[in-house]
Structures are given as structure tokens and as C-alpha cells.
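Remarks on the structure that follows.
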Amino acid sequence: MDKEVAFTGMLSNEQKFNPDFYNWNRIKVRYCDGASFTGDVEAVDPATNLHFRGARVFLAVIEDLLAKGMKNAQNAILSGCSAGGLASILHCDKFRTLIPMGAKVKCLSDAGYFIHIKDVSGGQHIQTFYNEVVALHGSSKNLPESCTSRLNPALCFFPQYMTQQIQTPLFIINAAYDSWQINNILVPGVTDPHGTWDSCKLDINNCSSSQLQIMQSFRLQFLNAVSELGCSTSRGLFVDSCYSHCQTGLQETWLSADSPMLGNTTIAKAVGDWYYDRSAFQKIDCPYPCNPTCHNNIFI
């Protein structure tokens, strides 16, 4: 990693900000394919010259890193945020097979646990979107076979349908009121032509009581989907009550004086304890937001 670039959160190289991982080799891979690195289409669109080959990009990145020294790794984490967090889930077991035998390999998904629900209009906007992604990118062959053998491949983009089959230890970090999911899955723009949710989406203090109730219902659906992870101690879980999206890359949410805490534990400590097997961590914030250090909590 370029030492001139200042990263924060889990990628920080300062011990006080990232005590468990500051001295690791940390590589940030730019997201570039639109399908969580699952695409693999031989044909190239002649009109746009677009290539849908994210799965090949993922493999090429790993092969390049192995050649540069990762073949000697004793510890490795595949992590990501949002679509990268989903990629960390989808490619978790594959990543483990590419890392040398004997290494401690685990995966971490930050804000990548997208759930399969109806939007406020009663439609399935997100499922329709994933159907289109799978068709455009030819993703079926690169989604976990343990899922595609049972379900429509588009459903295998939803972690609730495939995480139980993942063999590699996996940690899920997510806000129960995930702002991206509320904005794009629960209330996508197409369901709100008059913009009645616009002000609420920008600032939850502007939400009406009925909008907050809908968001509280989303939280319950999210927790129900998370329950599909199972109870194995190899699973880590940190679900806070923030209205946010992605928390490992920001210092204020990863590890700072006022960062979110569950059980008096920051995200950084929870992940470190889980990775190094110091203690298991599976915590969900209380039914009604009660974490005073969490920015932008929803109070109902």
C-alpha cells in the first residue's frame, strides 16, 4: 500500500487508531464492475466497449497479490463495504481456497447484508434490479453453487439465502437502519414520485411518525434476515441502531472516543477479538435505540 496515502479506520497504519491491524499489509481494491465481482461475459458491448468481467478482475487481483508476497501470508481478511461487503460474502470461501494452507483466513462484511423485502409500494424493486444484474453480467456461474442449486440466482445476491452455507468464519457489521437500504430498497425513488420521503432520507429528524414506524418495521425485517446467519461462534455480528452505511472505513465509527459501542465494545475491538479468537462477538443493539454514542440514532 502507498505509504503516502492516509487511510482511516480499519485501513489506518497508526496503532492508536487501529490497534489490531495497523501493521498488516492492507490493500484497497477499487470497485469497478457493478456486480460485486461476479460478472463474466465473453462478449463486449460494441456500442459502449463495456466489459462485464468482474470475476476475472477479482481473480487477477488475488493472483497479483499472491505473486507480490501474499503467498507467504499467515493471516488474511477479505473485507469490504457496501457492494464490497457483499463481495466479501459472495467470494469468502473462494478467497480462502486461494490463500496458502495453514493461514488464518476470515471474512468481514461492512454494510453488505442487503435484505430481500418489498418496498413501500409493495413491489420487489430490489429483486427486479438483481435479476437484471445477473442477466447483464452473467453472474450465475460465479455465485455460490450452494445457493444457485436451490434458488433463482438473483436471490443469491441476498446474504440471508446463502450465508449459512459459507464455511469460512464471517463477521457482519451493519446498521439496523441501513441508510442505503432505506433509500434504495425500502423507498427507492420510483416508489416516491412526489418526493414525500426526500426530507426524511436526508435527515431522520424530519421524518414523520408514520415514516419512522415504517423504518422501525424495516429494522425488524433486517434482524429477521440476519437470524439466517445461524449461531456458530465462527460468525461475528455487530448490528447497531445507527442511520448509516459503512462503518469500518471511518475513524469516528471504527475506533474513536465517541464511536458506536455494543456491550461497551467498539467495532474495532469486536473485530479484533473475533479475528484473533480472544472472544466471540454477536451483539445487536436493543429494540429501541439506546446507544448514546451513536450518531444519528432513530428514536421512536
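The values are calculated or read from the model by the stated rules, or taken from the named source; none is laboratory data. Because the structure is a prediction, the values reported are computed rather than measured. A quick note on method: Cβ atoms are made from the backbone with ideal geometry, for glycine too, and the neighbour counts reach across all protein chains shown.
The table for this structure:
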| read-out | value |
| --- | --- |
| Qualifying residue in the range 204-214 (condition: over 15 Å from GLY112 (Cα atoms) and not in a helix (DSSP H, G or I)) | yes |
| Residue match in the range 115-125 (condition: touching a residue at least 24 places away in the same chain (Cβ under 8 Å), under 13 Å from ILE172 (Cβ atoms) and among the small types (Gly, Ala, Ser)) | no |
| Failed item, numbered, when VAL187 is tested on (1) surrounded by 20 or more Cβ atoms within 10 Å (Cβ to Cβ); (2) closer than 20 Å to GLY85 by Cα; (3) in contact (Cβ under 8 Å) with a residue 60 or more places away in the chain | (2) |
| Condition check for GLN181: without any contact (Cβ under 8 Å) to a residue 60 or more places away in the chain and in a helix (DSSP H, G or I) | no |
| Of all residues making up the range 51-90, the number that are surrounded by 15 or more Cβ atoms within 10 Å (Cβ to Cβ) and closer than 30 Å to ASN183 by Cβ | 21 |
| Complete set of residues in the range 166-178 that are assigned to a loop (DSSP other than H, G, I, E, B), in contact with a Ser or Thr (Cβ under 8 Å, 6 or more places away or on another chain) and among the aliphatic types (A, V, I, L, M) | ALA176 |
| From ALA225, ALA270, residue being under 17 Å from the mean Cα position of the chain (by Cα), in contact (Cβ under 8 Å) with a residue 12 or more places away in the chain, outside any loop (DSSP other than H, G, I, E, B) and surrounded by 21 or more Cβ atoms within 10 Å (Cβ to Cβ) | ALA270 |
| Some residue of the range 170-179 being over 29 Å from ASP277 (Cβ atoms), at pLDDT 95 or above and not aliphatic (A, V, I, L, M) | yes |
| Complete set of residues in the range 184-197 that are part of a helix (DSSP H, G or I), more than 15 Å from TYR243 (Cα to Cα) and not hydroxyl-bearing (Ser, Thr, Tyr) | GLY189, VAL190 |
| Enumeration of residues in the range 35-83 that are of a type in the set (Gly, Ala, Ser) and either out of contact with any Phe, Trp or Tyr (no Cβ under 8 Å at 6 or more places or on another chain) or within 23 Å of GLU14 (Cβ to Cβ) (or both) | ALA43, ALA47, ALA60, ALA67, GLY69, ALA73, ALA76, SER79, GLY80 |
| LYS28 being touching a helix residue (DSSP H, G or I) at 6+ places or on another chain (Cβ under 9 Å), in a helix (DSSP H, G or I) and without any contact (Cβ under 8 Å) to a residue 60 or more places away in the chain | no |
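This table checks each residue for (1) assigned to a helix (DSSP H, G or I); (2) at pLDDT 95 or above; (3) in contact with a strand residue (DSSP E or B) (Cβ under 7 Å, 6 or more places away or on another chain); (4) not charged (D, E, K, R).
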{"position": "MET1", "(1), (2), (3), (4)": "no, no, no, yes"}
{"position": "PHE17", "(1), (2), (3), (4)": "no, yes, no, yes"}
{"position": "PRO46", "(1), (2), (3), (4)": "no, no, no, yes"}
{"position": "ASP64", "(1), (2), (3), (4)": "yes, yes, no, no"}
{"position": "ASP93", "(1), (2), (3), (4)": "yes, yes, no, no"}
{"position": "MET101", "(1), (2), (3), (4)": "no, no, no, yes"}
{"position": "LEU108", "(1), (2), (3), (4)": "no, yes, yes, yes"}
{"position": "PHE114", "(1), (2), (3), (4)": "no, yes, no, yes"}
